[in-house]
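Taking it in order: structure first as structure tokens, then the write-up.
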Amino acid sequence: MPRIAVLTGDIVDSSSLSAEALGETMAALREAMIDISDWGPDIVAGFSQRSGDGWQAVLDRPALAMRTALYCQACLRRLDRDRATRIALAIDDGTLSDAERENPNIAHGPAFTASGRLLETLSGHRLMVHAAGGAEAAALRLADHISQGWTPAQARAVCEMLPPGAGPRAEAAERLGITRQAVNQALWSAGFPALEEALGYLEGSE
């Protein structure tokens, strides 16, 4: 079995969302994983909904796992300030056939088991946790704290710049229909420069 990243999650305060809003939230996560599959050549990423407000995603580039988790949070937060998901991240062996990419719920392996069990331990104000422990878990815990403060405007800017090789901020500003200065301010307020640097360290060590 290949070494993969598995993200298992559920929507925060899903009972307060209408059926339409919950559907919009799941669609945003699904679209996020489609985006991530375009981050580089031959990246395999999959998504499936589980049990109403639950979901699971799989990625064959473990080095990009934390960036993926942050991108998912940003894609939800840009919908509105209260939209968020819990995410339990695990990196280990797991199956990843074409059918399992389309529906990770039918896949298996240690990565899936660890991610699913870890989600059950999430409580309180923690929204993201890493099964690896150590430095990776510490980095994700800090990233979790930072991302929980994002406004929708900050999240929109983060979504533009998180993909690897995102290009100049001037292009992001053009896509968003705002000034480059506004993008810079949003990214600075979102803590993005520090997150980007931390991600570079982590991804370079994989």
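Observations on the structure shown:
- Subset of region 126-163 [of a type in the set (Ser, Thr, Tyr) and surrounded by fewer than 20 Cβ atoms within 10 Å (Cβ to Cβ)]: 151
- Residue pairs whose Cβ atoms lie under 9 Å apart, sitting 6 or more positions apart in sequence or on different chains, and linking a residue in region 192-203 that is closer than 15 Å to residue 65 by Cα to a partner that is hydroxyl-bearing (Ser, Thr, Tyr) and surrounded by 12 or more Cβ atoms within 10 Å (Cβ to Cβ), are 195/147.
- Within region 122-160, the set of residues being β-branched (Val, Ile, Thr), more than 19 Å from residue 180 (Cβ to Cβ) and out of contact with any strand residue (DSSP E or B) (no Cβ under 6 Å at 6 or more places or on another chain) comprises just one member, 146.
- None of 166, 173, 186, 194 is of a type in the set (A, V, I, L, M), more than 14 Å from the chain's Cα centre (by Cα) and modelled with pLDDT under 95 except 166.
- Selection from region 167-196 of residues that are more than 22 Å from residue 139 (Cα to Cα) and in a loop (DSSP other than H, G, I, E, B): 167, 168, 177, 178, 179
- Criterion: more than 20 Å from residue 77 (Cα to Cα), at pLDDT 95 or above and β-branched (Val, Ile, Thr) - qualifying residue of 121, 179: 179
- Pairing residues of region 49-74 that are over 13 Å from residue 163 (Cβ atoms) with residues that are acidic (Asp, Glu) and open to solvent by 40 Å² or more (accessible area, probe 1.4 Å), at Cβ distances under 6 Å and at least 6 apart in sequence or on separate chains, gives 63/203; 63/206.
The rows are residues; the columns are (1) open to solvent by less than 40 Å² (accessible area, probe 1.4 Å); (2) in contact with a helix residue (DSSP H, G or I) (Cβ under 8 Å, 6 or more places away or on another chain); (3) at pLDDT 95 or above; (4) within 28 Å of residue 197 (Cα to Cα).
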{"residue": "14", "(1), (2), (3), (4)": "yes, yes, no, no"}
{"residue": "18", "(1), (2), (3), (4)": "no, no, no, no"}
{"residue": "27", "(1), (2), (3), (4)": "no, no, yes, no"}
{"residue": "30", "(1), (2), (3), (4)": "no, no, yes, yes"}
{"residue": "41", "(1), (2), (3), (4)": "no, no, no, yes"}
{"residue": "66", "(1), (2), (3), (4)": "yes, yes, yes, yes"}
{"residue": "97", "(1), (2), (3), (4)": "no, no, no, no"}
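The values are calculated or read from the model by the stated rules, or taken from the named source; none is laboratory data. The model shown is predicted, which means the values in this text are computed figures rather than measured ones. Cβ atoms come from the backbone with ideal geometry, glycine included; neighbour counts cover every protein chain shown. All accessible areas refer to the heavy atoms of the entire protein, side chains included, with ligands and DNA or RNA removed. Shrake-Rupley method; radii C 1.70, N 1.55, O 1.52, S 1.80 Å.
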